[in-house]
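A.B. asks: Right, I'll just put the structure down here and ask away after.
The values are calculated or read from the model by the stated rules, or taken from the named source; none is laboratory data. From a predicted model like this one, the values you see are computed outputs, not experimental measurements. Here the Cβ positions follow ideal geometry from the backbone for every residue, glycine too, while neighbour counts run over all protein chains shown. Note: areas computed on protein heavy atoms with side chains; ligands, DNA, RNA excluded. Shrake-Rupley method; radii C 1.70, N 1.55, O 1.52, S 1.80 Å.
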Amino acid sequence: EREFQMARELQVSLLPRHTPQVPGWEFAAHWQPAREVAGDFYDWIPLASGRLALVIGDVCDKGMASALFMALSRSIIRASLASAPSAAEGIDRANRLISADATDGMFVTLFCALLELETGQVTYVNAGHNPPLLCKLDAAGEAPLAELMPTGMPLGIVDGFAFEQRTVDLQPGESLLLYTDGVTDATGDGQARFGMDRLRRVILDHQAESVTGMVAALERSISDFTGGTAQFDDIAILAVKRLGTST
């Protein structure tokens, strides 16, 4: 038990201790392991030229093996993105290194977004991960949700896979929510799943709030839905919002 506790403390120390403090932007995150240690992780990585990398990942399986692979993956991804000229090249480099060390079928789904803090441009690679929800504002001020679908396979499966990157823009008042499948797979009474419909409803109901409030509302909704049911999977959530109003 003491060894598991120490492993959990070490894993927690690998996660960001503070949210970024950037004028004109707001960030929030939540991490909840199903057991003593977790395979889910999130990160924000300051990069050169006024950019910030947002990363969320989910290692297959659970337990200590998953936690160790999570620590390896996080370190490799951080190092790969630090000197990469683009998101796709950084994830390609990370995939080569992770594939070289992956054993027993281990892999990690990952979403990585490079955020241009001055312009709001978001360049992303979705390596087999749950599609993040982009909360855009239309001409009427409504907030339809777009899903940022996968642009490649999970890391650690095929060395040399060519990842595609795509670009979207975050305008003032718009937000982006990243999450792992522990959110949508959360189980309530009767084995019903929380699912995408409930997730989308919570985000739409709270999109006008701060992302701190949005993430807190999602936490409450999941807790209310599951009741006393034991958590089956790890949960990680990361959210970003560009502040201000459109002109």
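A.B. asks: When the Karplus curve 6.51 cos²θ - 1.76 cosθ + 1.60 is applied with θ = phi - 60°, which whole-Hz ³J(HN,Hα) does each residue of the range 188-194 get, with x for Gly and Pro?
C.D. replies: x, 4, x, 6, 5, 9, 4
A.B. asks: Starting from the amide H of Trp25, placed 1.01 Å from N in the peptide plane, find each other amide H under 5 Å away whose residue is 5 or more places distant or on another chain.
C.D. replies: Leu243
A.B. asks: Moving on. Would you calculate the separation in nanometres between label points at Ser86 and Leu243, each defined as 7 Å from the Cα along the Cα-to-beta-carbon direction?
C.D. replies: Simple spin-label model gives 3.3 nm for this pair.
A.B. asks: What is the distance, in nm, between label points placed 7 Å from the Cα along the Cα-to-Cβ direction at Arg8 and at Thr229?
C.D. replies: About 2.3 nm separates the two model spin labels.
A.B. asks: Right, another one. For the range 154-247, what is the convex hull (Cα atoms) projected area averaged across all directions, in square nanometres?
C.D. replies: With every direction weighted equally, the projected area is 8.1 nm².
A.B. asks: As a check on your grasp of the helix formula, calculate [θ] at 222 nm for the chain: sum -39500 (n - 2.57) over DSSP H runs of n ≥ 4, divide by the residue count, round to the nearest 500.
C.D. replies: -10500 deg cm²/dmol
A.B. asks: If you roll a 1.4 Å probe over the chain with all protein chains in place, what percent of the accessible area is carbon or sulfur?
C.D. replies: Carbon-and-sulfur percentage of accessible area, whole number: 51.
A.B. asks: Compute the signed sum of charges (Lys and Arg +1, Asp and Glu -1) over the other residues within less than 13 Å, Cβ to Cβ, of Arg78.
C.D. replies: After counting each charged neighbour, the total is +1.
A.B. asks: What helices does the chain have that are whole DSSP H segments, at least 27 Å long along their own axis by Cα, and with mean Kyte-Doolittle hydropathy of 1.0 or more?
C.D. replies: Details: long enough: 63-82 (29 Å, 1.17).
TM-like helix candidates: 63-82.
A.B. asks: Something else about it: Would you mind checking which residues have amide H under 5 Å from Asp40's amide H? H placed 1.01 Å from N; only 5 or more apart, or other chain.
C.D. replies: Val59
A.B. asks: A further question on this structure: Provide the convex hull volume over Cα atoms per residue for the chain, in Å³.
C.D. replies: About 122 Å³ per residue, rounded to a whole number.
A.B. asks: Let me ask another. Percent relative contact order of the range 105-247, based on C-alpha pairs within less than 8 angstrom and at least six residues apart?
C.D. replies: Value for the range 105-247: 24 percent.
A.B. asks: How high is the relative contact order of the range 1-99, in percent, with contacts defined as C-alpha pairs under 8 Å that are six or more residues apart?
C.D. replies: Worked out over the range 1-99, it gives 20 percent.
A.B. asks: How would you rank 172-183, 20-31, highest first, on the average number of other Cβ atoms within 10 Å across their residues?
C.D. replies: Result, highest mean Cβ count within 10 Å first: 172-183, 20-31.
A.B. asks: Follow-up. Compute a Gaussian network model of the chain, connecting alpha carbons closer than 10 Å, and tell me which residue from Met196, Met106, Met64 fluctuates the most.
C.D. replies: Maximum among the listed residues: Met196.
A.B. asks: Would you mind working out the magnitude of the charge dipole of the range 123-247 relative to its Cα centre, with +1 at each Lys and Arg C-beta and -1 at each Asp and Glu C-beta, to the nearest 20 Debye?
C.D. replies: 220 debye
A.B. asks: Okay, moving on. Just how large is the dipole of the chain about the Cα centre, in debye to the nearest 20, putting +1 at every Lys and Arg Cβ and -1 at every Asp and Glu Cβ?
C.D. replies: On the way: 19 positive and 32 negative charges, 72 e Å.
Computed charge dipole of the chain: roughly 340 debye.
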